[in-house]
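A short write-up of the structure that comes next.
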Amino acid sequence: MTRNKDLSEKHLAETAEKDLSGTYDVVVVGGGAAGLSAALVLGRSRLRTLVVDAGEPRNAPSDHMQGYLTRDGMPPAEFLALGRKEIARYGVQLVRDRAVDVTRGEEFAVELAGGRTVRARRLIVTTGLRDELPAVPGVAERYGRDVLHCPFCHGWEVRDERFGVLASSPLSVHQALMVSHWSDDVTLFLDTVAEAALSDEDLRRLAAARVKVVPGAVAGLRVEEERLTGVRLADGTVHDRSVVFVAPRAVPQTGLMERLGAELRETPFGAYPVVDPTGLTTVPGVWTAGNAMGFAEQVVHAASGGYRAATAVVGDLIMSRLDAAIGG
């Protein structure tokens, strides 16, 4: 393990200084599960590939990731480190930088924040999304520990504890109903959501799930000895809770797609690129995968989507070369 770690770090250090001139077959923007999975397939397909990684994975606050067969419970950072080692075996380069602009001519020109420009025949954009948390004191500091958002990611680990659900919209009713499967003690704190905004069906379902509904603004979280112990309302009352679920506002990282003129579709969770089943966008030569194409993509989905996009890119490049040869 130590030798592999040394080799991986050596590869990253060399890549940081390496000449990035010439045209890559593929540039992958984003070094998370989707981007690394795509890069693995591309490298094994003998394509000159560069991964541009800003180093800001969405699941960085979490100590572990769940639901990924054979990787259940693995720390996200360890998962990514293993992925970087694997792509290095196949000659894939990785540069620690941020893609800030892109233009499309006969090839794609990707401008990096560090000042360099890299060129590619095809692009796979896996820039994911950014979570905007409710502006409640304590939420950001506890996020990923005892402030959570996904029961499929963390429900088992906190099963049967005292749950609170911090409402950010009437859609938070759905979150409260879902997490009630993992605990019989759930309280929905309406915070800025008016009780009148809940439908009769909402109230009936909440009652059936035995979810307690508490109106009133939330002032913050009570933390004792580095553990969440309660939710404090603006009127000073404190409700004992050991876990709080929130619904962050998803902000898709679509800047590069917009610059390329990709068609976006509006969803309740933001605007995402219109894609075909392989992740191909409406811009020829540009694919996407992971949370860059949808809010609900988990790590396992992102890795699968990256694989699928990469195989499509490989096929596209092979056929393009053959067609060029025939035309010649």
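Kindly provide the helix-only [θ] at 222 nm of the chain, computed as the sum of -39,500 (n - 2.57) over DSSP H runs of four or more divided by all residues, to the nearest 500 deg cm²/dmol? Provide the component values of the computation, followed by the final result.
Numbers: 9 runs with 101 residues, N = 328.
That calculation yields -9500 deg cm²/dmol at 222 nm.
Classify the stretch 255-328: rounded, prolate or oblate, from the alpha-carbon gyration tensor (a ≥ b ≥ c, eigenvalue square roots; a/c under 1.5 rounded; otherwise prolate if a/b is larger than b/c)?
Judged from the Cα gyration tensor, the stretch 255-328 comes out oblate (a/c at least 1.5, b/c at or above a/b).
I need the shape label for the chain. Rule: rounded when a/c is under 1.5, else prolate if a/b > b/c, else oblate, with a, b, c from the alpha carbon gyration tensor. Please list the in-between numbers first.
On the way: a/c = 2.53, a/b = 1.94, b/c = 1.30.
Prolate is the answer for the chain, as a/c is 1.5 or above and a/b outweighs b/c.
Given a 1.4 angstrom probe, I'd like the percentage of the accessible area of the stretch 95-219 that is carbon and sulfur, rounded to a whole number.
Values: 3130 of 6320 Å².
With neighbouring chains kept in place, the figure for the stretch 95-219 is 50 percent.
In debye, nearest 20, what is the charge dipole magnitude of the stretch 210-253 about its Cα centre with +1 on Lys and Arg Cβ and -1 on Asp and Glu Cβ, if you could check?
On the way: 7 positive and 5 negative charges, 52 e Å.
About 240 debye.
Hey, what did the stretch 74-187 get for relative contact order, percent, Cα under 8 Å, at least 6 apart? Don't jump to the answer; show the numbers that get you there.
Working: 84 pairs, mean separation 14.7, N = 114.
Reported relative contact order: 13 percent.
When the chain is treated as a GNM, springs tying every alpha-carbon pair under 10 Å, which of 268, 284, 137 comes out with the largest mean-square fluctuation?
268
With only Lys, Arg, Asp and Glu charged, each at its Cβ (+1 for the first two, -1 for the last two), find how big the charge dipole of the stretch 207-312 is about the Cα centre; round to the nearest 20 debye. Before the final figure, lay out each step's value.
Numbers: 10 positive and 10 negative charges, 46 e Å.
So the magnitude is around 220 debye.
Please identify the helices of the chain, taking whole runs of DSSP H, that span at least 20 Å along their own axis as judged from the Cα atoms and have a mean Kyte-Doolittle score of 0.5 or higher.
On the way: long enough: 2-17 (23 Å, -1.50); 299-327 (42 Å, 0.81).
Span-like helices in the chain: 299-327.
How high is the relative contact order of the chain, in percent, counting Cα pairs under 8 Å that sit 6 or more residues apart?
Working: 655 pairs, mean separation 63.2, N = 328.
Averaging sequence separation for qualifying contacts and normalising by length gives 19 percent for the chain.
With charges set only on the Cβ (+1 for Lys and Arg, -1 for Asp and Glu), what does the dipole of the chain come to about its Cα centre, in debye to the nearest 20? Spell out each step's value before the answer.
Numbers: 37 positive and 43 negative charges, 195 e Å.
It works out to roughly 940 debye.
Please name whichever of 257, 234, 220 sits farthest to the positive end of the charge dipole of the stretch 219-259, dipole taken about the Cα centre and charges placed at Cβ: Lys and Arg +1, Asp and Glu -1.
Going by the Cα projections, it comes out as 257.
Taking a ≥ b ≥ c as the square roots of the Cα gyration tensor eigenvalues, with a/c under 1.5 meaning rounded and otherwise prolate when a/b beats b/c, else oblate, which class fits the stretch 195-267? It would help to have the intermediate numbers written out before the result.
Details: a/c = 3.02, a/b = 1.62, b/c = 1.87.
It comes out oblate by the Cα gyration axes.
Most fluctuating residue of 65, 293, 178 in a GNM of the chain with Cα springs under 10 Å: which is it?
In the Gaussian network model the winner is 178.
Rolling a 1.4 angstrom probe over the protein heavy atoms, how many square angstrom per residue are accessible across the chain? Don't skip to the answer; put the middle values down first.
Details: 16370 Å² over 328 residues.
With the other protein chains kept in place, the chain gives 50 Å² per residue.
Just name one of 150, 163, 82: the one whose Cα is farthest towards the positive end of the charge dipole of the stretch 63-173 (beta-carbon charges, Lys/Arg +1, Asp/Glu -1).
About the Cα centre, the residue reaching furthest to the positive side is 82.
Go ahead and set up a Gaussian network model of the chain, Cα springs under 10 Å, then flag whichever of 60, 250, 309 fluctuates most.
Highest fluctuation of the listed residues: 60.
Taking 0.36 nm per residue of sequence separation and subtracting the Cα-Cα distance, how much length would be gained by fully extending the chain between residue 201 and residue 100, in nm to one decimal? Could you put the intermediate results ahead of the total?
Details: separation 101, 0.36 × 101 = 36.36 nm, distance 4.58 nm.
The span from residue 201 to residue 100 would gain 31.8 nm if fully extended.
The values are calculated or read from the model by the stated rules, or taken from the named source; none is laboratory data. Predicted model, so just to flag it, every value in this text is computed and none were measured. No Cβ is skipped: glycine too gets one built from the backbone with ideal geometry, and neighbour counts run over all protein chains shown. Just the protein is used for accessible areas: all its heavy atoms, side chains included, with ligands, DNA and RNA removed. Shrake-Rupley method; radii C 1.70, N 1.55, O 1.52, S 1.80 Å.
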